[in-house]
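The values are calculated or read from the model by the stated rules, or taken from the named source; none is laboratory data. Bear in mind the structure is a predicted one, so any value in this text is a computation, not a measurement. All Cβ positions, even for glycine, are placed from backbone atoms using ideal geometry, and neighbour counts span all protein chains on display. Heavy atoms of the whole protein, side chains included, go into the accessibility calculation; ligands, DNA and RNA do not. Shrake-Rupley method; radii C 1.70, N 1.55, O 1.52, S 1.80 Å.
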Amino acid sequence: MRHERASLPTATSTNSFWHSEPNEFLLGHRTTEELPKEADIVVVGTGITGTSVARFLSDDERAKGKSVVVLDAREACWCATGRNGGHCQPLLFDRGSEVAAFELRNVAAVRSYIQQNSVPCEWRDVSGCRSFWTESAMAEAEREIEHLKTSAPDIATQVTVIRDKEELKKHRVNPECVGATLTAGAASLWPYKLVTFILEKLIKEGKINLQTQTPVTEISGTAGKYTLHTPRGKITAPTVILATNGYTSALLPHFADLIVPVRGEMSALHPPKNSTLIPDSYGMVGALGQAENNDDYLVQRPFEGVPNPGGHLMFGGGRGAGKLPSMAVSDDSVIDEGAARYLRGALLKVLELDGETAGLDELQAAAQWTGIMGYSRDDHPWVGKVPDEEGLWVCGGYTGHGMPNGTLCGKAVVEMVLGELEGKNLGELQEQMVKDGDMPRSYVLSQERIERARKGLTVQQQDERGVHMIGVV
């Protein structure tokens, strides 16, 4: 089965709640009126990954004096990061201890930046509560946790299994579910505000040239000298970093089966009247008759101390209730009413919300929208150099789990780019990075890994057969 390549981001998109308070400085921003003809490094994409790449380049002495141009097809942070679920939740038992440790470091790095710079992005430290609605899904989680106790006992201490019905109620979880896990180190935030804070700071410090509404339609040229074609002209650079996640194959067709776009549904729901803040961030596995590989996800905005303190329940998922295709779809201009209806009604069934819930069949939506995730064929991000291409790099394929990965994945690709430019052997550098915990081995992009991934099921086959890929944004 062959996946078709992704399209470029659509010209119009559904209205994300996160864009309801736009960064006025960045709207329509072009640091220079004309697109530069050339640059030392071009970064494509302004989500959490592309913005992190730009930040770590600007922080590194080895990049001093190099011109960095950042391109986006839309407004800044108007694709996946500006449309996601507001989670920064490490998954501690799903992908192995090496990944768990990396994701914990990633969340800590994001937290540290926000605290040091007083970023007004509604960051809230919470526990991650994942409820399981089938016995087989719960049993699989318990098996993975038992393995974690052997492979990484220090991380395992941060995971609690809950099967007691009264304990479930303490976390507002409907005790009709089979059980839940509670994990440390999670957070919720307004992702768009974090990313646009970083971009605005970099621009005002003279570190980057940002060109919004400048879609890259093609990359041509030979290794070491690439030309990026846009409707506004061409820009040439020896180093190009694609932070395009689900849209990657629009520019790299041979990645069409490795990073597959998947449309997800999101909503901002008004909470019941006189309700109080839920204690955790939430995931729901196989809820309300959905397949076990369908996860729903929830965080809540504050009730006070922020602009528009509505306590909105930021709830996403509902793929199992969708009426439209979502796999291999890169169009986020459409709302799937089946999934949207599910999201409006599901929280009244899977949680025990307080406040005035009597007679409520569904919650009122302040906003409903869609976004494009990038599902990886082997369930791990792809971070590194495109094989047989000097100077062309990729960082993406988060399978709906980018916020706990994108910051340090961006840092890792910068380390590889600058390390190679100063003459280091890339393979040796990657080995050292893996050894130091700067990147999981399973994330390293290599020809060997591509060939290994292609021997397995395609993303679509995995989805059809119910293989559990993360899908919590």
*Can you give the accessible area of ARG454, probe radius 1.4 Å, in Å² rounded to 10?*
100
*What is the extension gain from LEU324 to GLU38, computed as 0.36 nm multiplied by their sequence separation minus the C-alpha to C-alpha distance, in nm to one decimal?*
98.8 nm
*Phi-based couplings in Hz for segment 363-370 (Karplus 6.51, -1.76, 1.60; Gly and Pro marked x)*: 8, 7, 8, 7, 7, 9, 7, 10
*asked:* Can you tally the net charge around TRP190? Count Lys and Arg as +1, Asp and Glu as -1, for every other residue whose Cβ sits under 13 Å from the Cβ of TRP190.
replied: +2
*asked:* Quick check: net charge around THR212, other residues with Cβ under 15 Å of its Cβ, Lys/Arg +1 and Asp/Glu -1?
replied: -3
*Give me the accessible area of ASP257, 1.4 Å probe, in Å² rounded to the nearest 10.*
20
_Computed over segment 306-451: relative contact order in percent, which uses C-alpha pairs under 8 Å that are six or more apart_ = 17
_For MET439, what accessible surface area do you get with a 1.4 Å probe? Give it in Å², rounded to 10._
0
_segment 42-153: relative contact order in percent, alpha carbon pairs under 8 Å with at least 6 residues between_ = 22
_Modelling each spin label as a point 7 Å along the Cα-to-Cβ direction, I'd like the GLU390/GLN461 distance in nm, to one decimal._
3.7
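What are the semi-axes of the equivalent ellipsoid of the chain, taken as the square roots of 5 times the eigenvalues of the Cα gyration tensor, listed largest first and rounded to whole Å? All intermediate terms of the calculation are to be shown ahead of the outcome.
Values: eigenvalues 241, 120, 88 Å².
Rounded to whole Å, the semi-axes are 35, 25, 21.
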*Under 1.5 on a/c is rounded, so check that first for segment 1-125, then, if it is not, pick prolate when a/b is larger than b/c and oblate when it is not; a ≥ b ≥ c are the square roots of the alpha carbon gyration tensor eigenvalues.*
rounded
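Percent relative contact order of the chain, based on C-alpha pairs within less than 8 angstrom and at least six residues apart? Each step should come with its number before you reach the end.
On the way: 1100 pairs, mean separation 107.6, N = 473.
So the answer I get is 23 percent.
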*For segment 316-378 and segment 144-193, what is the separation of their Cα centres, given in Å?*
22
*So how tilted is helix 135-151 from the main axis of the chain? Cα-based, degrees 0 to 90, rounded to 10.*
60
*Computed helical MRE - 222 nm, the chain, DSSP H runs ≥ 4 contributing -39500 (n - 2.57), nearest 500*: -8500 deg cm²/dmol
_HN-Hα J in Hz across segment 215-224 - Karplus 6.51, -1.76, 1.60, θ = phi - 60°, x for Gly and Pro_ = x, 8, 9, 6, 10, 10, x, 9, 3, x
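Total Lys pairs in segment 333-473 closer than 29 Å by alpha-carbon, pairs eight or more apart in sequence or interchain only? Write out the running numbers ahead of the final one.
Details: LYS385/LYS411; LYS385/LYS424; LYS385/LYS435; LYS385/LYS455; LYS411/LYS424; LYS411/LYS435; LYS424/LYS435; LYS435/LYS455.
Close lysine pairs under the 29 Å cut-off: 8.
Could you list the GluC sites (Glu not before Pro) in segment 259-336 that lie in coil according to DSSP, counting only those with at most 12 other Cβ atoms within 10 Å of their Cβ? Don't skip to the answer; put the middle values down first.
Values: sites: GLU265, GLU292, GLU304; in loops: GLU292, GLU304.
Counting only loop positions with at most 12 other Cβ atoms within 10 Å, the GluC sites (Glu not before Pro) in segment 259-336 are GLU304.
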*Does anything in segment 206-238 have its amide N under 11 Å from the 7 Å Cα→Cβ label point of LYS64, and if so which residues?*
none
*Once the Cα atoms of helix 337-350 and of the chain are each reduced to a long axis, what angle between those two axes, in degrees from 0 to 90 to the nearest 10, is obtained?*
50
*For helix 48-59, what angle does its Cα long axis make with the longest principal axis of the chain, in degrees from 0 to 90 and rounded to 10?*
50
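Set the Förster radius R0 to 45 Å, insert the Cβ-Cβ distance between VAL306 and LYS225 as r into 1/(1 + (r/R0)^6), and round the FRET efficiency to 0.05.
Computed FRET efficiency for VAL306 and LYS225 comes out at 0.45.
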